[in-house]
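The numbers here are math on the coordinates, done by the rules we state, and not lab data. The model shown is predicted, which means the values in this text are computed figures rather than measured ones. Because the Cβ atoms are built from the backbone with ideal geometry, glycine has one as well, and the counts that use them run over all protein chains shown.
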Amino acid sequence: MAKQGKSINLFLMDGESSGRMKCTLANWTGVAYKIPRTKLDSCKDRDDLKQSGVYFLFGKSDTTGKGVVYIGQAGARKNGEGILTRLLEHRRNPEKDYWVEAIVFTTSNNSFGPTEISYLENRFCNLAIKANRYEVKNGNDPTPGNITEEKECELEEFIDYAKVIMGVLGHKLFEPVALSTEEKTDSTDGKKNSPLQFYLKRTIKNVGMVEAKGRQTAEGFVVLAGSHISKEDDHTISKTLKEQRKHAPLDANGILTEDVLFSSPSYAAMFVIGKSANGLTSWKDDNGNTLKDLEADE
C-alpha cells in the first residue's frame with residue numbers, strides 16, 4: 001500500500017529560513033522547534049519551551065566532516081525551567097561547543113512526564129545509532145524506563161511523526177543512507193521489490209582487482225559496506241576526495257565497513273578506484289547494463 005500524504009505546517013518565527021522554525025503536523029499533539037544556537041536567547045518568552053521534552057544538538061566533526069548529534073531529555077522544573085534552560089546549560093558547556101543548532105520535541109498540551117521523555121530519549125538514541133548517519137555523542141545508553149503497552153503504542157506513534165519532521169527540518173537522522181540488502185521497498189501496487197544494485201570491478205596496477213557494490217537513492221549514490229576500495233589514488237582526483245578516502249571507514253584489507261553516500265555516481269566510482277572515472281559507465285547492474293544505458297531507456 002502506498003504511504004499516505006501528510007500536511008505539515010512550518011512557521012518561520014523570525015521571518016527567514018536561517019532563523020527559528022516551529023513545526024506542527026495535522027492531527028498530532030507534538031510540537032517541534034528548530035533553534036540555531038545563536039537564537040536561544042530569543043526563545044525565553046516561550047512557555048512551551050519551559051515544558052518537558054526531548055532535544056537534539058547538531059554539529060559536524062572537524063576531523064571527519066561527519067555530522068554529530070547529542071540526544072537528551074529535559075523535565076519541567078518547579079521554578080518554570082525546562083527544555084530551554086537545559087539548552088542554555090549545554091551552550092555554556094565547553095565539552096559541547098560543537099553544536100550549532102537544536103531540534104526540540106515537546107507537546108501542545110504539556111503531556112510529557114519523566115517516563116515518557118526517558119522512553120523517547122532511549123528510542124531516538126538507538127534509532128540514530130542504527131541508521132549510522134551521524135556520530136551519536138551520547139556516552140551512555142539512556143534508560144527506556146517502565147511503561148505500559150498502551151503508553152508504548154502511543155509513544156511509538158509520536159516517534160513515527162517525529163521521524164518525518166526531523167527529515168523536513170533538514171536532518172535525516174533516522175534514515176540509513178541506503179536500504180540494507182535484506183530490506184525491501186514497497187511499490188505502488190503493494191508488491192515487494194528488491195532495490196536495484198550496481199557493481200563496479202576494476203583491475204588497478206599495484207593493487208589488483210577492486211570490486212564494489214552501490215545503489216542509487218533520492219539523495220545520490222551510495223557505495224555499500226563490503227565494497228573493496230583501492231588503497232592508492234593519483235592526481236586525477238580532487239584533494240577533497242583524497243581526504244575523504246583517507247578518513248573512510250575501511251578495515252585493514254581495504255573493505256568498506258559502512259555505507260557511504262556521494263552526490264553522484266562518478267564521485268562514488270572515483271572514491272572506489274582512486275582515479276578519474278565516469279560513474280554512468282563504470283557502474284553496471286546484474287545484466288551488465290550501465291547506468292547510462294538504463295537512464296537512456298527510461
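Using a simple charge model, +1 on the beta-carbon of Lys and Arg, -1 on the beta-carbon of Asp and Glu, nothing else, what dipole does segment 8-168 show about its Cα centre, in debye to the nearest 20?
Details: 22 positive and 23 negative charges, 114 e Å.
Using only the charged Cβ atoms, the result is roughly 540 debye.
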Open item on the list: Need one number: nm distance between label points at GLU232 and TYR98, each 7 Å from Cα along Cα→Cβ, rounded to one decimal.
Closed with: 3.5 nm
- [ ] Using the number of other C-beta atoms within 10 angstrom as an exposure proxy, rank PHE11, PHE112 with the fewest first.
- [x] PHE11, PHE112
Open item on the list: Using only DSSP helix segments of four residues or longer, with each worth -39500 (n - 2.57), what per-residue ellipticity at 222 nm results for the chain after dividing by its residue count and rounding to 500?
Closed with: -7500 deg cm²/dmol
Task: Using θ = phi - 60° and Karplus 6.51 cos²θ - 1.76 cosθ + 1.60, couplings along segment 196-211 (whole Hz; Gly, Pro as x) - done: 5, 10, 10, 10, 9, 10, 8, 8, 10, 4, 6, 10, x, 7, 10, 10
Task: Cα-projected label distance for ILE129 with SER111, points at 7 Å along beta-carbon direction, nm - done: 2.9 nm
Task: ³J(HN,Hα) computed for each position of segment 67-75 - Karplus, 6.51 cos²θ - 1.76 cosθ + 1.60, integer Hz, glycine/proline x - done: x, 10, 8, 10, 10, x, 10, 9, x
TODO: Using the Karplus curve 6.51 cos²θ - 1.76 cosθ + 1.60 with θ = phi - 60°, work out ³J(HN,Hα) for each residue of segment 53-66 in order, rounded to whole Hz, and write x for Gly and Pro.
DONE: x, 10, 9, 10, 9, 10, x, 9, 5, 6, 8, 9, x, 6
Open item on the list: If each residue of separation counts as 0.36 nm, what is the full-extension length gain between GLU175 and LYS239 once their alpha-carbon separation is subtracted?
Closed with: 20.2 nm
Open item on the list: Can you compute the modelled spin-label distance between ASP47 and SER276, with each label point 7 Å from Cα toward Cβ, in nm?
Closed with: 6.5 nm
TODO: Mind putting a number on the dipole of the chain about its Cα centre? Charges go on the C-beta only, +1 for Lys and Arg and -1 for Asp and Glu, and I need it in Debye to the nearest 20.
DONE: 820 debye
Open item on the list: As a footprinting exposure proxy, order GLU175, GLU156, GLU101, GLU16 by other Cβ within 10 Å, with the fewest listed first.
Closed with: GLU16, GLU156, GLU175, GLU101
Open item on the list: Under the rule of at least 5 residues apart or a separate chain, name every residue whose amide H is placed under 5 Å from the amide H of THR217.
Closed with: VAL222
Task: 5 angstrom amide H check on VAL31, placed H, neighbours 5+ away - done: THR106, THR107, SER108
Task: Residue order, fewest to most beta carbons within 10 Å, for LEU127, LEU196, LEU10 - done: LEU196, LEU10, LEU127
- [ ] For segment 210-240 and segment 22-61, write down the distance between their C-alpha centroids in whole Å.
- [x] 37 Å
